[in-house]
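Read the structure below first, then the notes.
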Amino acid sequence: MKPSLLIAAGAALLAAVPAFALDCKAVQTPQQERNEETIRRIEQGWLTAEYHGDVDFLDCLLTPGYAVIATHDSMIRSKADLLARVAPNKGKTTPVPALATQVVVNGDHATAFSSMTMQTKTGETKEVRFVDSYVFDHATWRAVGGVDL
């Protein structure tokens, strides 16, 4: 292929990319490694994103087929369900509880069990526990599924 045709083809491809394409590197947890500490930082970042409505962070973190099983109501919710639930929190500065997280890393896979104590809308204290599964792909951890206990 002639260089001028190659340049024209490349320009056409770039023009086809939507201007609103999300730059995941800009919103991801930085310095990701295959270790427990990275997963702990991602779990806390995920919780912060939920409390503050950061759907961009979550959109990049969750794989397209992500699903979570909610044991309290026996429902399975999709990535789209989670993003829709979190979106109304955009811009909120609600204090984010600290997580206690245990992690197992096995090569390119990780499982995290997290728990936290939170206040309900009625002021009651409630313990929340959940498990998240991750895969390390192209130097980035992505969540593939979870269970809300």
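All of the numbers you see were taken from the coordinates with simple rules; none came from a lab. Computed from a prediction, not measured in an experiment: that's the story for all the values here. Counting neighbours? That spans all protein chains shown, and the Cβs are built from the backbone with ideal geometry, glycine included.
Estimated translational diffusion coefficient (Stokes-Einstein, Kirkwood radius over Cα pairs, 10 °C, 1.306 mPa s) of segment 44-88: 147 µm² per second.
Put in order of Cβ neighbour count within 10 Å, fewest first, the listed residues 134, 51 become 51, 134.
With respect to the chain, whose longest principal axis is taken over its alpha-carbon atoms, helix 3-16 is tilted by about 30°. In terms of other Cβ atoms within 10 Å, 71, 122, 63 run from fewest to most in the order 122, 71, 63. Sorting 124, 33, 43, 50 from the fewest to the most surrounding beta carbons within 10 angstrom yields 124, 33, 50, 43. A viscosity of 1.306 mPa s and a temperature of 10 °C, combined with the Kirkwood radius over C-alpha pairs in the Stokes-Einstein formula, give the chain a diffusion coefficient of 93 µm²/s. Each Lys and Arg adds +1 at its Cβ and each Asp and Glu adds -1 at its Cβ; summed about the Cα centre, the chain shows a dipole of about 320 debye. Converting phi to 3J(HN,Hα) with the Karplus coefficients 6.51, -1.76 and 1.60 and the offset θ = phi - 60°, segment 90-96 yields 3, x, 6, 10, 4, x, 9 Hz in sequence order, with x at every glycine or proline.
In sequence order, segment 64-80 has phi-based couplings of x, x, 3, 8, 10, 9, 9, 6, 5, 10, 6, 10, 10, 10, 8, 4, 4 Hz under the Karplus curve 6.51 cos²θ - 1.76 cosθ + 1.60, θ = phi - 60°, and Gly or Pro positions carry x.
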